[in-house]
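The structure appears below as structure tokens.
The values are calculated or read from the model by the stated rules, or taken from the named source; none is laboratory data. Since this is a predicted model, take the numbers as computed values, not measurements. We place every Cβ from the backbone using ideal geometry, glycine too, and count neighbours over all the protein chains shown.
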Amino acid sequence: MADPYKPRAPFAPWDRRQLPGLFDVEETARRVGNYKWAEMKLFEALGGWVATVPELDVKMRLGTHCYHHAWHAELWHKRLPELREMNPDRLTQPANDAMVQFVAALTEPEAPELTIEKLVGVYRVFIPHFISAYTFHMNNTSEITDAPTIRTLKLALQDEFEDWRDGEMMLQSLIETPEEVDRAAAHQAKLEKLILAAGGIAGPGSIGGN
Amino acid sequence: MTVSVTPANFSFVDFDAELIRRIGDGLLEVLGIDRPVHVEVDETTPLGRVRTEIGDTITVRVESGAFEDSRKPRQQSDEATTANLGRALLRARDRISGGFGEAPADDELSLRQIAAWETYCVGRLARMGVPVNQQRWKYNFRNRHGFTDVADAAFERIWASDGLTWGELETVSLEGAGTPS
Amino acid sequence: MRKFFPVDSLARDSRFNQITMKQSQADPRSALIATEEKRPKTNRLQPSRADASDAARSLMHGIFVGEIQALEGAGRTCHDFETGTEAPFALKLDMARQAWDEARHVEISVKLSEWMGTEIGQYAENTVLFEAACSTDPVLRLAGVNRALEGLAIDVFTTMKEFGDIAGDPFLEFCEDWMLADEVTHVKMGSDWLRRITENDPERRKKALEFQSVVDKIFSFGGTRSDSQESPIGLARRFRELAGFSDDEVEDIADVSLRALEERKAFARQAQAEAVEQFSAS
């Protein structure tokens, strides 16, 4: 057996994590607050829609996904005090007014004939934007100082990918005519424009750039 | 031979005596029963028991649930009427046409024996084109014979059979229950 | 999407036929008041009943649609109340968790129904469970859904679990046991939130408990659930205790259920007399 008292490198040769990161504590807390707000809006919408969709398989998936996003909101809620924000509600905010408008448009469809619009909003617009914002954050934050955020991002991303796949498959099975393709595309375009104005889940810079 | 129905008009349920009569006439023809049949519906209860008395006339006493559309309470279902009247008449035919002489009286049949005989009746109805859910009857058979591969094999044999005697039916049923005679 | 969704708008595919409690109660037929020779010795759902398989299938379908409505109710509570001002964040998280649990229960119920030979929508769907989930006060909703509805679920699942156990059904007993574990959690959730939210508001607590009592009576479905052998579903005292019901509360529910049974019998006698009278007049 090797000598247990022999000095070893604190970072093993295979551990290539770097110290620098794009976000300081304040910026991280701001983003996390935006994530929590957006995840809350998503789980509330999914829960509300359960009663409005006649398709039994969709109804059950929405109920399941509702919890996934509630859990993400809970994880972000718990992360906020660790980022020096002792009043998590203060930072539980939308990135900007455009984001509020986006959520209002997302949650507008209610009629039972509008399942395609409901799913497009969640699975072709909102969740892809979560995936991009979370991925950008995970890849650009300090791998050492912000490890807890990275862990939460990874857990959330796992759900986001799986939920996106579920949602996309439900949509493909519901869209049966060229007219429905157009309906889905038109609704997606409408919502994409709104979230473009918002700059993404965490506002401008959600995936870098400005 | 014809079918008569009482009551002629219903006050607790929205049933049609004429429809019951027509379905009964159709069944008599298909099943080759040459005795008159009287169907007596007890509309005061939502239960679905069916009892049969065989004399010069075959009397079928039916609780309203047996002819009811389970999706729409108090409404009649063609399918349920056909399937449940058909089961009762097939059992009556089995008793009349021979081979079932040693079968116990209806009140003395055990739950296992009832399940086996029901399976035999419904299997034949299915082959006559009457819509039935085979899994429903398999579940009933399993409840009375056990949830085993042996019970399932017995169910399949009985379901697919024609021209069984009571003794043959009882033998397969007992084997299915794991207690061969 | 509006806040507070009306029960008559619950979305279903074409296989389902929904009826309200009022429509269901308007049925003048009742096995409860039949003469002794016509009446079964016990209505309790047990394999020894001659119609046990069909009765279990019917109850399983009732569980299936009940789980759909419980899923919808939990989902709506996530949506209908503003976080913080109307309902605590943690309460909404619990409701989201419950939505997932209920979604799983729907999945389980579909599989079990298939196993028992029942088609989706084969029986009418009574929407009474969601009606109790429509209150605009989250505390009343918790009392109605988590304590009364989920309490009923404990009674139903216990009855079904015992049925599966006695019949030797390998899936029924297994699945009901899992669902029962979830329901005990949901009832406990409701009891805890009721206590926490109304800690300094005895008036609101009283109102919530009164509402629960009303819902409990409705959920006795005219005696379908009670300690009496005339009821298909018994009162699961042990599991209710685990879920946080006090002995007094269980006794209250037992009394309410028995009263509902007697009222149902009286109603059926009157309804039958009226139906005969109406028929004679016409």
Going by the structure shown, is A:Arg31 at pLDDT 95 or above, outside any loop (DSSP other than H, G, I, E, B) and within 10 Å of chain C (Cβ to nearest Cβ)?
no
Which one of these is farther than 16 Å from B:Leu85 by Cα and of a type in the set (D, E, K, R): B:Arg124, B:Arg142?
B:Arg142
Is it true that some residue in the stretch A:107-115 is touching a residue at least 24 places away in the same chain (Cβ under 8 Å), touching a helix residue (DSSP H, G or I) at 6+ places or on another chain (Cβ under 8 Å) and within 30 Å of A:Arg30 (Cβ to Cβ)?
yes
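Yes or no, residue by residue, for (1) surrounded by fewer than 24 Cβ atoms within 10 Å (Cβ to Cβ); (2) assigned to a helix (DSSP H, G or I); (3) within 12 Å of chain C (Cβ to nearest Cβ); (4) in contact with a strand residue (DSSP E or B) (Cβ under 7 Å, 6 or more places away or on another chain):
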{"position": "A:Ala38", "(1), (2), (3), (4)": "no, yes, no, no"}
{"position": "A:Pro54", "(1), (2), (3), (4)": "yes, no, yes, no"}
{"position": "A:Lys59", "(1), (2), (3), (4)": "no, yes, yes, no"}
{"position": "A:Lys78", "(1), (2), (3), (4)": "yes, yes, yes, no"}
{"position": "A:Glu82", "(1), (2), (3), (4)": "yes, yes, no, no"}
{"position": "A:Met86", "(1), (2), (3), (4)": "yes, no, no, no"}
Test result for C:Arg269, among the basic types (Lys, Arg), within 14 Å of chain B (Cβ to nearest Cβ), out of contact with any strand residue (DSSP E or B) (no Cβ under 6 Å at 6 or more places or on another chain) and surrounded by fewer than 20 Cβ atoms within 10 Å (Cβ to Cβ)
yes
For the stretch C:188-246, give me each residue that is at pLDDT 85 or above, in a helix (DSSP H, G or I) and polar (S, T, N, Q).
C:Ser191
If I filter the stretch C:94-113 down to residues being crowded, with 20+ Cβ neighbours inside 10 Å and closer than 12 Å to A:Leu56 by Cα, which single residue comes out as nearest to the other protein chains (Cβ to nearest Cβ)?
C:Ala103
Only one of these conditions is not met by C:Gly144: (1) surrounded by 19 or more Cβ atoms within 10 Å (Cβ to Cβ); (2) farther than 30 Å from B:Phe141 by Cα; (3) free of Cβ contacts under 8 Å to residues at least 60 places away in the same chain. Which number is it?
(3)
Regarding the stretch B:76-85, can at least one residue be identified that is free of Cβ contacts under 8 Å to residues at least 12 places away in the same chain, touching a helix residue (DSSP H, G or I) at 6+ places or on another chain (Cβ under 9 Å) and assigned to a loop (DSSP other than H, G, I, E, B)?
yes
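Yes/no matrix, rows are residues, columns are (1) free of Cβ contacts under 8 Å to residues at least 60 places away in the same chain; (2) of a type in the set (A, V, I, L, M, F, W, C); (3) out of contact with any strand residue (DSSP E or B) (no Cβ under 7 Å at 6 or more places or on another chain):
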{"site": "C:Gly84", "(1), (2), (3)": "yes, no, yes"}
{"site": "C:Phe89", "(1), (2), (3)": "yes, yes, no"}
{"site": "C:Met95", "(1), (2), (3)": "yes, yes, yes"}
{"site": "C:Ala99", "(1), (2), (3)": "yes, yes, yes"}
{"site": "C:Ala103", "(1), (2), (3)": "yes, yes, yes"}
{"site": "C:Trp115", "(1), (2), (3)": "yes, yes, yes"}
{"site": "C:Gly121", "(1), (2), (3)": "no, no, yes"}
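Any chance you could count how many residues in the stretch C:214-242 are closer than 18 Å to C:Ser135 by Cβ and either surrounded by fewer than 17 Cβ atoms within 10 Å (Cβ to Cβ) or in contact with a Gly (Cβ under 6 Å, 6 or more places away or on another chain) (or both)?
Residues that pass the stated criteria total 2.
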Residue list for the stretch C:161-193, filter: of a type in the set (D, E, K, R), within 14 Å of chain B (Cβ to nearest Cβ) and buried (at least 21 other Cβ atoms within 10 Å of the Cβ):
C:Asp169
What is the number of the single condition among (1) farther than 19 Å from C:Trp100 by Cβ; (2) hydrophobic (A, V, I, L, M, F, W, C); (3) part of a helix (DSSP H, G or I); (4) without any contact (Cβ under 8 Å) to a residue 24 or more places away in the chain that A:Phe11 does not meet?
(3)
One residue is enough: does the stretch B:127-141 have a residue meeting the conditions in contact (Cβ under 8 Å) with a residue 60 or more places away in the chain and more than 10 Å from chain C (Cβ to nearest Cβ)?
yes
Hits in the stretch B:86-103 - residues which are closer than 14 Å to B:Val62 by Cα, among the aliphatic types (A, V, I, L, M) and in contact with a helix residue (DSSP H, G or I) (Cβ under 8 Å, 6 or more places away or on another chain):
B:Leu89
All but one of (1) modelled with pLDDT under 85; (2) more than 15 Å from the chain's Cα centre (by Cα) hold for C:Gly164; which doesn't?
(1)
